[in-house]
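*Asks:* After the structure tokens below, expect a handful of questions from me.
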Amino acid sequence: MSQFIAVLVDGIVYSSWLFIIAVGLTLIYGVMKILNIAHGSLYALGAFTSVTLCTMWFSGGHDAMGSYAMLLLAAVLVGLVAGPVIERGLLQFMYGKDEVVLVLVTYALFLILEDLIKLVWGVDPLFITGPNGESPYSLLGNFEVAGLTYPNYNLVLVGVAAATGGALAWALAKTRSGKLLLAVIHDREISAALGINVGRTYFVTFTIGAMLAGVGGALTAPTVSVVTGMGAEVIVLAFAVVVIGGLGSLPGAALGALIVGLVRAAAVHYFPEVELFSIYFVMAVVLILRPKGLFSGAEVRKI
Amino acid sequence: MRIDRNSIAVVLVGVVLLALGPVLPSWAVSLLNVALCYGTVVLGMMLLMRTGIVSFGHGLYYCLGAYAAGLLDHFGKMPDMLLMVGAGAVTAGLVAAVLGLLLAKYRDIFFAMLSLAFSMILYGLLVKTASLGSTDGFNVAAKTVGGIVIAEDSVRIVVYSLAVVFATLSAFLLHQYLASHQGRLAGAIKDNELRVEYMGASVKAAVHRNYVISAVLAGIGGALMAVNIGHIDPEMTYWPQSGEFVFVAILSGTGSVFAPLGGALVFEAIRSFAYEYSPNTWQMVLGITMLLVMIFLPGGLWSLFTRKRGA
């Protein structure tokens, strides 16, 4: 029984983490039809930036609680710097090309960013720890479920995931810009003809997506050793999540994250040797049964 | 069989490469060897691209080919190079024949994603299989060719010569296939599937066939690479490897069977020089090259030749 509860708790925490990363990916795909491989690098950038900022914060002798602000700042920085640079500097010249070509453009970008990270931060693993071993991961204390102890930091992940999902759903359904965005998603040309600034919509969407990748990376940084190559590992997981849920679907990303999270947690606890296998097995099965993912509308046939 | 200018050229290039083997410096032989193994895989990617589909999981067959060859050495105790390459080709072909039944219905990004999922399934299995060395993989060596023992000091040149033979044979046969009635369907499918169906050809069968052929080529390439490098690990089916194949196919262009082999050589040259001079920025060099090619040469490097001829 306690193992079952452990699976549930681990699964939900892991799902939240996956959702934060995958939601930016699905948002960018939904609006711009770009399956952004470089999302993994933006995630890694978020992690590395937060290591730098937190280290500066700790060495300045400030209160350790402020390291959370540094994590947030890292995510915002990645979003506001890398997002616009990539969208204006590269992607805006690629719109209208084939989806597969766009995937390759972001793959090239991924390669470039991976090395950029190596150049700036080196190739050794980095950790976020203060002078007395403080880490944002352990500062908040622990909670206990069924005799197992978890850091409260996990609750932060769940909270951020819920807040992000809720805020996006609300913005899309209730705000003016959200409704305009839905119009662009539905038909780019008609929206442009009706006077919506499609270019700006893309710009804002990509910046928000990049920021969400940064949030994912920044929140992950305290829990792992930050190493080069972490982006490659994450992006393919995020692909599994958004493909299972249906590319471009917000509830799909939530459901996909939940499925992948729970499957992985169950695999880790019951059959550790099939951990990775199980995730991609589920991805393949969903694609075979529902080629466009679980949440996908009917598509108009084009000749 | 059709004897045209290109098939003769393929054979000639093969013969020249064979003859050059003993005289070239060893770095050039290594470079050519890796490029030929790689190029054989990219030949298959070219066939898929001509059909209008892009696989983001061809590392699956590359890895299967390598592991089939490796297992023959490791557990089968039959380290014969011809058998190893044959095993790689057959294993990849059989798996592709089954998976192809599913994949033949998919297009675009969904084809890419499902093939990615399949390749990552193999990755997930291999990294947890301790008897195959998990993430470390294991060493592979070919000791005989068709039953004849390879002498210690001639291993490199024998492996190179066989890579030349297999790559030349693959390119020759693929060229024949592309020029055949069945092969020409590829371009038609890319242009308009509905019309192909109206003309009475089965799109699904053609896509399935091309998929299996491309997998066999990847299996051959993987087995050759295993023998050439002497070591295999699950990274061969990790997604960046599959991405690299697509990358080289884009870099090369799909105009001729020479394109993938030449493209693979250019790619390996860029990689080894960039790696030599700045190990931390070689991926960046590749990424920038890829962007430049996609922006300025959408037809790949091969279009440089055809353009000149047209002018």
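*Asks:* Taking R0 as 25 Å, what FRET efficiency do you get between A:Leu194 and A:Val101 from their Cβ-Cβ distance, rounded to the nearest 0.05? Walk me through the numbers before you get to the answer.
*Replies:* Working: r = 28 Å, r/R0 = 1.12.
So the FRET efficiency works out to roughly 0.35.
*Asks:* Is the shape of region B:5-238 best called rounded, prolate or oblate, per the rule: a/c under 1.5 gives rounded, else a/b larger than b/c gives prolate, else oblate, with a ≥ b ≥ c the square roots of the Cα gyration tensor eigenvalues?
*Replies:* Numbers: a/c = 2.38, a/b = 1.33, b/c = 1.80.
It comes out oblate by the Cα gyration axes.
*Asks:* Please list 3J(HN,Hα) in residue order for region A:52-61, calculated via the Karplus relation 6.51 cos²θ - 1.76 cosθ + 1.60 where θ = phi - 60°; whole Hz, with x for glycine and proline.
*Replies:* 4, 5, 5, 4, 4, 4, 5, 6, x, x
*Asks:* Which number do you get for Rg(Cα) / (2.2 N^0.38 Å) in region A:118-219? Can you show the working numbers first?
*Replies:* Values: Rg = 20.1 Å, N = 102, 2.2 N^0.38 = 12.8 Å.
Cα Rg divided by the expected 2.2 N^0.38 Å: 1.58.
*Asks:* Now, a different point. Give me the distance in nm between label points sitting 7 Å out from Cα along the Cα-to-Cβ direction at A:Val120 and A:Leu8, one decimal.
*Replies:* Each label point lies 7 Å from its Cα, and together they span 4.2 nm.
*Asks:* Contour minus end-to-end for A:Ala171 and A:Val76, with contour as 0.36 nm per residue of separation and end-to-end as the Cα-Cα distance?
*Replies:* On the way: separation 95, 0.36 × 95 = 34.20 nm, distance 1.88 nm.
Taking 0.36 nm per residue and subtracting the Cα distance, the gain is 32.3 nm.
*Asks:* For every other residue with a beta carbon closer than 14 angstrom to the beta carbon of B:Tyr38, add +1 if it is Lys or Arg and -1 if Asp or Glu, then tell me the sum. Could the numbers behind the result be given before it?
*Replies:* On the way: positive: B:Arg271; negative: B:Glu244, B:Glu268.
Cβ neighbours under 14 Å give a net charge of -1.
*Asks:* What number, in percent, do you get for the relative contact order of chain A if the mean sequence gap of Cα pairs under 8 Å and at least 6 apart is divided by its residue count?
*Replies:* This gives 37 percent for chain A.
*Asks:* Which entries in the list A:Lys118/B:Lys190; A:Lys33/B:Lys190; A:Lys97/A:Lys118; B:Lys105/B:Lys128; A:Lys118/A:Lys292 go over 28 Å, if you measure between the two C-alpha atoms of each? Walk me through the numbers on the way to the answer.
*Replies:* On the way: A:Lys118/B:Lys190 40 Å; A:Lys33/B:Lys190 21 Å; A:Lys97/A:Lys118 30 Å; B:Lys105/B:Lys128 31 Å; A:Lys118/A:Lys292 36 Å.
Pairs exceeding the cut-off: A:Lys118/B:Lys190; A:Lys97/A:Lys118; B:Lys105/B:Lys128; A:Lys118/A:Lys292.
*Asks:* Out of A:Ala183, B:Pro240, A:Val101, whose Cα points farthest toward the positive end of the dipole of the protein assembly as shown (charges: +1 Lys, Arg; -1 Asp, Glu; placed on Cβ)?
*Replies:* Farthest towards the positive pole: A:Ala183.
*Asks:* Could you derive backbone 3J(HN,Hα) for region B:268-284 from the dihedral phi with the Karplus parameters 6.51, -1.76 and 1.60 (θ = phi - 60°), listing whole Hz in sequence and x where the residue is Gly or Pro?
*Replies:* Karplus values, whole Hz, x for Gly and Pro: 5, 5, 4, 4, 6, 5, 4, 5, 5, 8, 8, x, 8, 10, 5, 5, 5.
*Asks:* Return one number: the angle in degrees, 0 to 90 and rounded to the nearest 10, between the long axis of the Cα atoms of helix A:275-289 and the longest principal axis of the Cα atoms of chain A.
*Replies:* Roughly 20 degrees between the two axes.
*Asks:* Work out the length of the dipole vector of region B:5-238 about its Cα centre, built from +1 on the beta-carbon of each Lys and Arg and -1 on the beta-carbon of each Asp and Glu, and round it to the nearest 20 debye.
*Replies:* Using only the charged Cβ atoms, the result is roughly 640 debye.
*Asks:* Expressed as an acute angle from 0 to 90° and rounded to the nearest 10, what is the orientation of the C-alpha long axis of helix A:67-89 relative to the principal long axis of chain A?
*Replies:* Taking the Cα atoms of chain A, the angle to A:67-89 is about 30 degrees.
*Asks:* Now for a separate question. Answer with one residue from A:Gly24, A:Val156, A:Ser225: the one whose Cα lies farthest towards the positive end of the charge dipole of chain A, charges on Cβ with Lys, Arg +1 and Asp, Glu -1.
*Replies:* A:Gly24
*Asks:* Just order A:239-250, B:107-118 by mean Cβ neighbour count inside 10 Å, highest at the front, would you?
*Replies:* Numbers: A:239-250: 26.2, B:107-118: 23.1.
Order by mean packing, descending: A:239-250, B:107-118.
*Asks:* Which residue fluctuates the most in chain B, going by a Gaussian network model with Cα springs under 10 Å, if the choices are B:Tyr61, B:Tyr277, B:Tyr106?
*Replies:* B:Tyr277
*Asks:* In addition: Let me spell out the model: positive unit charges on the Cβ of Lys and Arg, negative unit charges on the Cβ of Asp and Glu, origin at the Cα centre of chain A. What dipole size does that give, in debye rounded to 20?
*Replies:* Working: 14 positive and 16 negative charges, 229 e Å.
Using only the charged Cβ atoms, the result is roughly 1100 debye.
*Asks:* Right, next: Other chains' Cβ within 10 Å of B:49-62 residues: what's the mean? Don't skip to the end; give the middle numbers.
*Replies:* On the way: counts 1, 0, 0, 2, 1, 6, 0, 8, 1, 0, 0, 0, 0, 0.
What the average comes to for B:49-62 is 1.
*Asks:* 5 Å is the cut-off here: which amide hydrogens, built 1.01 Å from N in the peptide plane, fall below it relative to B:Val145, excluding neighbours closer than 5 in sequence?
*Replies:* Sorted by chain and number, the residues that satisfy this are B:Met81, B:Ile150.
*Asks:* Residue-wise, which Karplus ³J(HN,Hα) couplings in Hz belong to region A:240-254, taking 6.51 cos²θ - 1.76 cosθ + 1.60, θ = phi - 60°, and x for glycine or proline?
*Replies:* Rounded to whole hertz, the list is 4, 4, 6, 6, 4, x, x, 4, x, 9, 5, x, x, 4, 5.
*Asks:* What is the sum of charges, Lys and Arg at +1 and Asp and Glu at -1, for the other residues whose Cβ falls under 14 Å from the Cβ of B:Val11?
*Replies:* Result for the local shell: +1.
*Asks:* How much FRET efficiency would the formula 1/(1 + (r/R0)^6) give for B:His181 and B:Val16, where r is the Cβ-Cβ distance and R0 is 35 Å, rounded to 0.05?
*Replies:* Values: r = 31 Å, r/R0 = 0.90.
After rounding to 0.05, the efficiency reads 0.65.
*Asks:* Work out the charge dipole of the protein assembly as shown with +1 on the Cβ of Lys and Arg and -1 on the Cβ of Asp and Glu about the Cα centre, then indicate which of B:Val155, A:Leu77, B:Leu60 is farthest towards its positive end.
*Replies:* In the protein assembly as shown, that residue is B:Leu60.
*Asks:* Could you work out the local net charge near B:Tyr106, counting Lys and Arg as +1, Asp and Glu as -1, over the other residues with Cβ closer than 11 Å to its Cβ?
*Replies:* Values: positive: A:Lys292, B:Lys105, B:Arg107, B:Lys204; negative: B:Asp108.
Summing Lys/Arg as +1 and Asp/Glu as -1 gives +3.
*Asks:* So, in nm, how far is label B:Ser272 from label A:Val85 when the simple model puts each one 7 Å beyond its Cα toward the Cβ?
*Replies:* 3.4 nm
*Asks:* Roughly how big is region B:159-304's charge dipole about its Cα centre, with Cβ charges of +1 (Lys, Arg) and -1 (Asp, Glu), in debye to the nearest 20? Display every interim value, and only then the final one.
*Replies:* Values: 6 positive and 8 negative charges, 89 e Å.
Rounded to the nearest 20 debye, it is 420 debye.
*Asks:* Right, something else. Run lengths n ≥ 4 of DSSP H only: what is the helix-derived mean residue ellipticity at 222 nm for chain B, with -39500 (n - 2.57) per run over all residues, to the nearest 500? Before the final figure, lay out each step's value.
*Replies:* Working: 13 runs with 227 residues, N = 311.
So the helix-based figure for chain B works out to -24500 deg cm²/dmol.
*Asks:* Next up: Test of understanding: in a Gaussian network model of chain A with alpha carbons linked when under 10 Å, which of A:Ile34, A:Ile235, A:Ile112 would top the mean-square fluctuation ranking?
*Replies:* Greatest mean-square fluctuation among the candidates belongs to A:Ile112.
*Asks:* Top mean-square fluctuation among A:Leu25, A:Leu194, A:Leu139, Gaussian network model of chain A, C-alpha springs under 10 Å?
*Replies:* Result: A:Leu194 has the largest fluctuation of those listed.
Since every read-out is calculated from the coordinates, none of them should be taken as a lab result. The model shown is predicted, which means the values in this text are computed figures rather than measured ones. Ideal geometry is used to build each Cβ from the backbone, glycine not excepted, and the neighbour counts take in all protein chains shown.
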